[in-house]
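Data first, discussion second: the structure below is written as structure tokens.
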Ligand SMILES: Nc1ncnc2c1ncn2[C@@H]1O[C@H](COP(=O)(O)OP(=O)(O)OP(=O)(O)O)[C@@H](O)[C@H]1O
Ligand SMILES: [Mg+2]
């Protein structure tokens, strides 16, 4: 995810894509906004234009009859300008926020569809920053840029026309100076873009760091590492400060440069224009109307100069956002594959090898789970047990060999049909931030309340759910009520029961449960496994004893297979592991096996 090293795409490419994919459909609204911007621009110029009659007719000629008319004209100009400005601001805000919402949705969808492997390389914080901060930055850029391009340019056109109308020599003097500003301003713009993209990469890192820190808060406290983490945070926050500061420093140079040039222009104009008025070549009103227009042109011109900065910042953000939108999942449906039709639901791994990047996790593993039977996987931590389970629903694709269901390679059927036939209870249970009922219904969205409660009863979860403040409507997860490890597991078992799939993958939690919870979870699991083809990573004795066949894994290979009695008698790894654990260890092959 950390793409701080990505090369910059040309501006044209990014802008073109933004226009095509995200902005084009809002062109009607934007045209309406431009009409209002035109009104703002015209009234701004009208205001400068009115200065001439105010001075020449009211103040110098003291013409009382014109006083009322001009006052009304001034009021009208301001009223129209105010309303038009309001309308264009609201329309542009709506369009830009809509664009942001669309893009967020696109990024989120693209991330959801990304391969599981992608999430191992990216921290949650980085992904959230990608969805939220970068998109906001894009919005600022798009809104500011579009507004500047339409409103400020139109205002400039009107004001400049007025200036040429009042005194074209003065106008030429004024405009000789402005092109000079272009060169430093555009050089600074490029620098700003480069620095902004570094700053945002850093921000993603800090966000990622923080979200990981808070997730591990229990461990930080337990090991007394608060100071250590504070120091780590300081280094990162300081680095972020420096990058943002450098961006800001480059940006800060723009205004003063513009202001100095403006000062020179105005001084020149006063010398020349003042001389003209004294010599009677032009009226004081025309001169002040000109000066007013020039001063009014200053703000839009400044905005216009900053336009490039906004644009560059936005481009840097847009590129990161597009990188996320463009993530292509590799685990997808092959062309022209049909749905999986499960007849027996036998599961076979045929000489399967698999690596996570560089780490070899499985090496020539062959396992057969006959239809309706239960096979247990046991072995030391890191042996590759969870990896075997991951390959069956294609969370990852095998490197070598094949995974088959009823003889069909899982890569030769659609992902949706494959996963619809599999229920999973995994090592770490994720509860979503929703009601308990909804968490169970995740297994089958159209389940009725009665079906949900039946599943919960089978999973030995109904009683504790009814004890909760709002029963099945109690919100659990991040911001809801906390549930214990054993309760969590039973909720996830209920979810799997509700799914009612012919193939069941169980990865037993390694965390110890008290014996009452353990008994209830175990009973729920046995009911769940009944009549289904089950592959279970077993840590509990009762699960192992219930299995039709046990495969002992070590270092990515299946080293022994057989029933509990056969393996115990054989004196291999299974027997060795059991004797090691001597009955004191509640997890993995307790010696109480004989009891
Ligand atoms: N996402 C991953 N990225 C890289 N390596 C991984 C990943 N997941 C697992 N591994 C590695 O693959 C090997 C097998 O891991 P696996 O999770 O299958 O072990 P396991 O038998 O389930 O262990 P445990 O009993 O501790 O759950 C280990 O060496 C592990 O470090
Ligand atoms: Mg595991």
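The values are calculated or read from the model by the stated rules, or taken from the named source; none is laboratory data. Remember, predicted model here, so these are calculated numbers, not experimental data. Cβ: placed from backbone, ideal geometry, glycine included. Neighbour counts: every protein chain shown.
Looking at segment 330-404, the strands (runs of 3 or more DSSP E) lying wholly inside it that each contain 3 or more residues that are closer than 23 Å to residue 425 by Cα and within 14 Å of ligand 2 (Cβ to nearest atom) sit at 374-378. Selection of segment 486-510 for residues being touching a helix residue (DSSP H, G or I) at 6+ places or on another chain (Cβ under 8 Å), within 16 Å of ligand 2 (Cβ to nearest atom) and not in a loop (DSSP other than H, G, I, E, B) yields 489, 505, 506, 507. Pull up segment 300-340, narrow it to residues that are at negative phi and without any contact (Cβ under 8 Å) to a residue 60 or more places away in the chain, then point me to the one that is nearest to the chain's Cα centre (by Cα). Looking at the filtered set, the residue picked out is 328.
Considering segment 1-18, the residues that are surrounded by fewer than 11 Cβ atoms within 10 Å (Cβ to Cβ) and modelled with pLDDT of 50 or more include one that is farthest from residue 124 (Cα to Cα), namely 12. For residue 444, are the conditions met, namely being touching a helix residue (DSSP H, G or I) at 6+ places or on another chain (Cβ under 9 Å) and on the phi > 0 side of the Ramachandran plot? The answer is no for residue 444.
Every test in (1) within 28 Å of the chain's Cα centre (by Cα); (2) near ligand 1 (Cβ under 10 Å from one of its atoms) is passed by residue 419 save one, and that test is (2). Going through segment 376-401 one residue at a time, which ones are away from ligand 1 (no atom under 15 Å from the Cβ) and more than 34 Å from the chain's Cα centre (by Cα)? Answer for segment 376-401, where residues must be away from ligand 1 (no atom under 15 Å from the Cβ) and more than 34 Å from the chain's Cα centre (by Cα): just 401.
Looking only at residues in segment 354-373 that are crowded, with 16+ Cβ neighbours inside 10 Å and within 16 Å of ligand 1 (Cβ to nearest atom), the one that is farthest from residue 408 (Cα to Cα) is 361. Does segment 226-238 contain any residue that is exposed (fewer than 14 other Cβ atoms within 10 Å of the Cβ), in contact with a helix residue (DSSP H, G or I) (Cβ under 7 Å, 6 or more places away or on another chain) and farther than 26 Å from residue 308 by Cβ? Checked segment 226-238: at least one residue is exposed (fewer than 14 other Cβ atoms within 10 Å of the Cβ), in contact with a helix residue (DSSP H, G or I) (Cβ under 7 Å, 6 or more places away or on another chain) and farther than 26 Å from residue 308 by Cβ. Taking the condition in contact (Cβ under 8 Å) with a residue 40 or more places away in the chain, in contact with a helix residue (DSSP H, G or I) (Cβ under 8 Å, 6 or more places away or on another chain) and surrounded by 19 or more Cβ atoms within 10 Å (Cβ to Cβ), does residue 94 pass? So residue 94 fails the test. For segment 469-504, a tally of residues being more than 31 Å from the chain's Cα centre (by Cα) and surrounded by fewer than 18 Cβ atoms within 10 Å (Cβ to Cβ) returns 4. Looking across segment 528-554, the residues that are crowded, with 22+ Cβ neighbours inside 10 Å, within 16 Å of ligand 1 (Cβ to nearest atom) and in a strand (DSSP E or B) come down to 535, 536, 537, 550, 551, 552, 553. For residue 552, are the conditions met, namely being at pLDDT 75 or above and away from ligand 2 (no atom under 16 Å from the Cβ)? So residue 552 does not fit the description; no. The set of residues in segment 422-459 that are under 23 Å from residue 526 (Cβ atoms) and within 16 Å of ligand 2 (Cβ to nearest atom) comprises 424, 425, 426, 427, 428, 429.
For every residue, the table says whether it meets (1) at pLDDT 90 or above; (2) touching a strand residue (DSSP E or B) at 6+ places or on another chain (Cβ under 9 Å).
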{"position": "406", "(1), (2)": "yes, yes"}
{"position": "409", "(1), (2)": "yes, yes"}
{"position": "421", "(1), (2)": "yes, yes"}
{"position": "467", "(1), (2)": "yes, no"}
{"position": "483", "(1), (2)": "no, yes"}
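Among the residues of segment 555-580, the ones that are surrounded by fewer than 21 Cβ atoms within 10 Å (Cβ to Cβ), within 15 Å of residue 383 (Cβ to Cβ), more than 16 Å from ligand 2 (Cβ to nearest atom) and modelled with pLDDT under 90 come to 4 in all.
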